[in-house]
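One structure below.
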Amino acid sequence: MSELSTRPALITKVIPDSICAEMGFEPGDSIVAVNGQKPRDLIDYQFLCADEFLEVEVLDAKGKTHKLEIEKEYDEDLGVEFETALFDGLIQCNNRCPFCFIDQQPPGKRETLYLKDDDYRLSFLYGSYLTLTNLTQKEWDRIEQMRLSPLYVSVHATEPEVRIRLLKNLRAGKILEQIKWFQERRLQIHAQVVVCPGINDGEHLERTLLDLAKFHTGNIPAVASVAVVPVGLTRFRPAEDELIAVTAEKAREVIDQVQKIQVLLSKGKGGGKAKKQNSKSRCIWLADEWFLIAGLDLPSAADYEDYPQIGNGVGSIRQFIEQFETAFEKLQPMQVEPERKLVWVVGNAVEKAFEPIVQQLNQIPGLSVNMAALCSRYWGQSITVTGLLTGQDLLEALQGRDLGNGILLPSVMLKQGEPRFLDDMTVEQLASLLKTRILPVSGVEELISAAIGLANAEVKF
């Protein structure tokens, strides 16, 4: 995007005791330029602020411009957070993937739910996935010059005709050329393959994984990892999308297929230029959902190595279980007083995996935790991961039930930084309708603290 479209970077938070706090910056102020250059995004801002001497042009909340000189340590942070990481606007998607979650939502919700992100900067900063189909030469040059690596790329298929069919974009067929571009510049990607039965599964999936594995060689492999993910469908998807839901039988088939490919690659039998992988550097990973759908046990923690695709649901459940067991062992013998009865809401996909956690919590005298493992009628799913449950799902399932002293609510259900579900219902509204306390929890420590009564971040009706 051009510099003309770049807006001043609006500050939403000033970190206490930071440089900007000491200089009197306030939320509502905006940074216009650093050393005479207007930052297009958070990447530019961080690069420009790495110098020891800065001249910062600031637009205050009253519309007055100031120029401030700052002397600091190299790489010392100024201590502000912004409304958005992109000061020149979001680069949106130009594909029409039938499995896109944005197109599988009902109309009439908040505007941000319908923005199709395909922005390489958010991929670099936060690990969101992009397709590489909308990059101009200027943006390719910037990726190279600023060494924006790794990026997270939705590959789905390496055969041009199959990827074009999936993305509904004639530019989608260049994916292998683009990965080679990363390889030549010693830059990396993490890849994902969303498996759509009848389109890119079977022999097409095998071809894709073997193609990607050829780039998983050397000290800086161009393809650092590949996540294989099942397609997720909702009742709001277009009728003509030609997609088929993943069944338990299909899940077991894909697990078996991918595990055989993993073994072949570990022995150096992948064909072409694929070389034997380092035993500590597996290339291809199966998302947890495959095992949940198939009704099979999750792999052990050791199988996930350093969790390179945890943001894509590869190992996140196993890691949560391991972290819980470690934290639970550190608890001193205790008793909860007064007695507490809580309901822990999760997606029914993880019901079996999380049963041991509930059993351990209920070993604490005075504590009773009941797990409510729900599917999403809102999305029309019979098997649902926790993050897709909506306020309406919880209301329908929990209304009229004995909720005891309140609900333990995984914050993965909520919009980041805001107590709002995917269906726009707020936590406060749900608490009022259910006439109970709701305790949003993020991670193992907050779950345990809330369960035994140490948490204070509860929403009351």
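Quick note: the coordinates plus some simple rules give every number you see, no bench work behind them. It should be emphasised that the depicted structure is a prediction, and the values quoted were computed from it without experimental measurement. Positions of Cβ are generated from backbone atoms using ideal geometry, with glycine treated the same way; all protein chains shown enter the neighbour counts.
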Worksheet item: Extension gain L331-Q259, at 0.36 nm per residue separation less the Cα-Cα distance, in nm?
Response: 22.1 nm
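Identify the trypsin sites (Lys or Arg not before Pro) of region 320-425 meeting these criteria: DSSP loop state and at most 11 other C-beta atoms within 10 Å of the C-beta. Please report the intermediate quantities before stating the final value.
Values: sites: K330, R340, K341, K352, R377, R401, K415, R420; in loops: K330, R377, R401, K415.
Passing both the DSSP loop test and the Cβ count: K330.
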Worksheet entry | Most positive-pole-ward Cα, P410, G311, A191, against dipole of the chain from beta carbon charges | A191
Worksheet item: Modelled label-to-label distance, E351 and E73, 7 Å Cα→beta-carbon offset: nm?
Response: 5.3
Response to the item:
HN-Hα couplings for region 429-436 via Karplus (6.51, -1.76, 1.60; θ = phi - 60°), in whole Hz with x for Gly/Pro, come out as 5, 5, 4, 5, 5, 8, 6, 8
Worksheet entry | Dipole moment magnitude, nearest 20 debye, region 1-63 about Cα centre, only Lys, Arg, Asp, Glu C-beta charged | 320
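Rounded, prolate or oblate: which one fits region 189-338, using the alpha carbon gyration tensor with axes a ≥ b ≥ c (rounded when a/c is under 1.5, else prolate when a/b beats b/c, else oblate)? All intermediate terms of the calculation are to be shown ahead of the outcome.
Numbers: a/c = 2.40, a/b = 1.29, b/c = 1.85.
Cα axes put region 189-338 in the oblate bin.
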Response to the item:
The aspartates and glutamates whose Cα lies under 14 Å from the Cα of K174, excluding any fewer than 8 residues away in the same chain, are E159, E161, D211
Practice prompt. Could I have the simple spin-label model distance between N405 and A248, label points 7 Å from Cα toward Cβ, reported in nm to one decimal?
Written response: 3.7
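Report the relative contact order of the chain, percent, no decimals, based on alpha-carbon pairs under 8 angstrom and at least 6 residues apart. Intermediate values should be presented prior to the final figure.
Details: 833 pairs, mean separation 40.1, N = 461.
Relative contact order comes out at 9 percent.
Can you give the % of DSSP beta bridges in the chain that are antiparallel, to the nearest 5?
Numbers: 21 of 53 bridges.
Percent antiparallel among DSSP bridges in the chain is about 40.
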Item to complete: May I ask which of K138/K168; K352/K415; K180/K260; K168/K352; K180/K267; K72/K180 have a Cα-Cα span longer than 30 Å here?
Response: K168/K352; K72/K180
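What's the extension gain from R377 to Y307 if we count 0.36 nm per residue and subtract their Cα-Cα distance? Walk me through the numbers before you get to the answer.
On the way: separation 70, 0.36 × 70 = 25.20 nm, distance 3.15 nm.
Fully extending the segment from R377 to Y307 adds 22.1 nm.
Classify region 188-256 from the C-alpha gyration tensor, please: rounded if a/c falls under 1.5, else prolate or oblate depending on whether a/b exceeds b/c. Write out the running numbers ahead of the final one.
Working: a/c = 2.69, a/b = 2.01, b/c = 1.34.
Prolate, because a/c is 1.5 or more and a/b exceeds b/c.
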Worksheet, complete the sentence: For the chain, the Cα-Cα pair-distance distribution in 10 Å bins from 0, as whole percents, is 4, 17, 24, 26, 20, 8, 0
